[in-house]
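K.L.:
Dumping the structure here so I can ask a few things about it.
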Amino acid sequence: MTGSPGYFKEKTIVITGAASGIGQAAAQIFAREGANVLCADLNEEGAVRAADEVNEGGGRGLAARVDVTSREEAGDMIRRAKSEFGGVDFLFNSAGSALRRSEFLDIDDDLWEKTFDLNVKGVFYCMQAAIPEMLEAGKGVIVNMASMAHRRGGPGTSVHYASAKGAVQTMTLGVGREFADRGIRCMSISPGPIDTPFQDISSPELLQSMRDAIPMGRFGRPEEIGEMVLFLCSDACEYLTADTVYVNGGGGWR
Ligand SMILES: NC(=O)c1ccc[n+]([C@@H]2O[C@H](COP(=O)([O-])OP(=O)(O)OC[C@H]3O[C@@H](n4cnc5c(N)ncnc54)[C@H](O)[C@@H]3O)[C@@H](O)[C@H]2O)c1
């Protein structure tokens, strides 16, 4: 998946949401490639577990309890990666959630604000913290988690979340283009449904209707997104920036 063998050896990635699901799978994949992985998550115990797995899996892992909705904690996370590993080559913003399902008319201020704080402000703060380091190094890659939801709009269950992921995609476009001539690439991934604890808030009926809409007949696996993160960060796609990659088993266009 990389242009050059050994490309990731001793390079450093910061992964938010690394305690679970897609972030955790990505941490293991980067460990396999010999990378340094800062595993950041609100769930400290899960972050420690993920970092242990990195150390067992061929990389150097470090855990950090980070709330990405705090500008200060996002800054501390990047400073920690710099002091422990010497820099930040890659940032994967995986922390995110739909928080709960809701019909549009029942979305209240609290759900709207918490959804945007986590999914939009979290990505905004982490990118603002990492980009100065990347500018100093003259290179860097950022991968944000968007979602197929930004194309579907989340009717009946998650307009709050789909709107937030639309903002993530627009931010990705802007940041990718703003820094394109300074060695920084910024992309997002827009998955269809992936089999992780993210889906614990979905009813059996909703899960079935999502599955029915996927030509491959199954949800994606977290490592299938993690491998895409690796590819996007690699030197196999140096002309790709400011766009999203859809990974959805052929479905999700309801
Ligand atoms: N699973 C899916 O079907 C799916 C589909 C499309 C997009 N996504 C997106 O993929 C990303 C990863 O989701 P996942 O499926 O791995 O979910 P997950 O629930 O397994 O993992 C999310 C992680 O984010 C962490 N987190 C939550 N709030 C945080 C905060 N404030 N600061 C730091 N960490 C925090 C959680 O503790 C958890 O470990 C999310 O952005 C999600 O919106 C998921």
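K.L.:
Which whole-Hz couplings ³J(HN,Hα) result when phi for each residue of the stretch 160-171 is put into the Karplus expression 6.51 cos²θ - 1.76 cosθ + 1.60, θ = phi - 60°, listed in order with x for Gly and Pro?
P.N.:
4, 6, 4, 5, 5, 5, x, 5, 4, 5, 5, 4
K.L.:
Moving on. Please give me the summed charge of the neighbours of THR241: other residues whose Cβ is under 10 Å from its Cβ, Lys and Arg +1, Asp and Glu -1.
P.N.:
Around THR241, the surrounding residues sum to 0.
K.L.:
Okay, moving on. Return the FRET efficiency for the residue pair ARG101, ARG182: r is the Cβ-Cβ distance, R0 is 41 Å, and the value is rounded to the nearest 0.05.
P.N.:
0.50
K.L.:
Moving on to the next point. What fraction, in whole percent, of alpha-carbon pairs in the stretch 12-238 exceed 21 Å separation? Don't skip to the end; give the middle numbers.
P.N.:
On the way: 13473 of 25651 pairs.
Counting every Cα pair in the stretch 12-238, those more than 21 Å apart make up 53 percent.
K.L.:
Expressed as an acute angle from 0 to 90° and rounded to the nearest 10, what is the orientation of the C-alpha long axis of helix 44-56 relative to the principal long axis of the chain?
P.N.:
Computed tilt is about 50 degrees.
K.L.:
Hey, got a sec? Which trypsin sites (Lys or Arg not before Pro) in the stretch 1-43 land in a DSSP loop and have at most 14 other Cβ atoms within 10 Å?
P.N.:
Those satisfying the criteria are LYS9.
K.L.:
May I pose another question? Would you work out the charge dipole size for the stretch 12-238 about its Cα centre, treating the Cβ of every Lys and Arg as +1 and the Cβ of every Asp and Glu as -1, and quote it to the nearest 20 debye? Display every interim value, and only then the final one.
P.N.:
Details: 22 positive and 33 negative charges, 100 e Å.
Dipole magnitude for the stretch 12-238 comes out near 480 debye.
K.L.:
Restricting to Cα pairs below 8 Å that are 6+ residues apart, what does the relative contact order work out to for the stretch 85-198? Please round to a whole percent.
P.N.:
RCO, the stretch 85-198: 33 percent.
K.L.:
Apply the Karplus parameterisation 6.51 cos²θ - 1.76 cosθ + 1.60, with θ equal to phi minus 60°, to every residue of the stretch 241-250 and state each ³J(HN,Hα) to the nearest whole Hz, in sequence, with x for glycine and proline.
P.N.:
Couplings: 7, 6, 8, 10, 10, 8, 10, 8, x, x Hz.
K.L.:
Gaussian network model of the chain, Cα springs within a sub-10 Å range: biggest mean-square fluctuation belongs to which of ASP195, ASP108, ASP89?
P.N.:
ASP108
K.L.:
With θ taken as phi - 60° and the coefficients 6.51, -1.76 and 1.60, list the Karplus ³J(HN,Hα) couplings across the stretch 140-150 in order, rounded to whole Hz; mark glycine and proline as x.
P.N.:
Taking θ as phi minus 60°, the curve returns x, 10, 10, 10, 9, 8, 9, 5, 4, 3, 5 Hz for the stretch 140-150.
K.L.:
When the chain is fully extended, how far beyond the present Cα-Cα distance does ARG211 get from GLN128, taking 0.36 nm per residue of separation? All intermediate terms of the calculation are to be shown ahead of the outcome.
P.N.:
Working: separation 83, 0.36 × 83 = 29.88 nm, distance 3.65 nm.
Using 0.36 nm per residue and subtracting the Cα-Cα distance, I get 26.2 nm.
K.L.:
Using amide H atoms built in the peptide plane, which far-off residues or other-chain residues are under 5 Å from ILE142 H to H?
P.N.:
Placed amide hydrogens put LEU91, ARG185, CYS186, MET187 under 5 Å from ILE142.
K.L.:
Tell me the mean residue ellipticity at 222 nm calculated for the chain from its helices only (DSSP H runs of n ≥ 4, each -39500 (n - 2.57), averaged over every residue, nearest 500).
P.N.:
Numbers: 9 runs with 109 residues, N = 254.
Using -39500 (n - 2.57) per qualifying helix, the result is -13500 deg cm²/dmol.
K.L.:
Oh, and also: When the chain is treated as a GNM, springs tying every alpha-carbon pair under 10 Å, which of VAL68, VAL168, VAL159 comes out with the largest mean-square fluctuation?
P.N.:
Maximum among the listed residues: VAL159.
K.L.:
Using a 10 Å cut-off around each Cβ, can you sort ILE225, ILE107, ILE131, ILE142 from fewest to most neighbouring Cβ atoms? Walk me through the intermediate numbers first.
P.N.:
Numbers: ILE225 25, ILE107 17, ILE131 21, ILE142 28.
By the 10 Å Cβ count, ascending: ILE107, ILE131, ILE225, ILE142.
K.L.:
Treating only the Cβ atoms of Lys and Arg (+1) and Asp and Glu (-1) as charged, compute the dipole magnitude of the stretch 65-145 about its Cα centre; round to the nearest 20 debye.
P.N.:
380 debye
K.L.:
Still on this model: Tell me the relative contact order for the stretch 22-126 as a rounded percent, counting alpha carbon contacts under 8 Å between residues six or more apart.
P.N.:
24 percent
K.L.:
Out of all DSSP beta bridges with both ends in the chain, state the antiparallel percent to the nearest 5.
P.N.:
Of the beta bridges lying entirely in the chain, close to 0 percent run antiparallel.
K.L.:
Compare LEU207, LEU118, LEU173 in a GNM of the chain, Cα atoms joined below 10 Å, and give the one with the largest fluctuation.
P.N.:
Highest fluctuation among the options: LEU207.
K.L.:
For the stretch 12-238, what relative contact order do you get, as a whole percent, if you take Cα pairs closer than 8 Å and at least 6 residues apart?
P.N.:
Details: 454 pairs, mean separation 46.3, N = 227.
Worked out over the stretch 12-238, it gives 20 percent.
K.L.:
Here's a follow-up. With labels modelled as points extended 7 Å from the Cα through the Cβ direction, what inter-label distance (nm, one decimal) is found for ASP195 paired with GLU223?
P.N.:
Distance between label points: 1.2 nm.
All of the numbers you see were taken from the coordinates with simple rules; none came from a lab. What you are looking at is a predicted structure, and each value in this text was computed from that prediction instead of being measured. With ideal geometry, Cβ positions are generated from the backbone for all residues, glycine too; neighbour counts draw on all protein chains shown.
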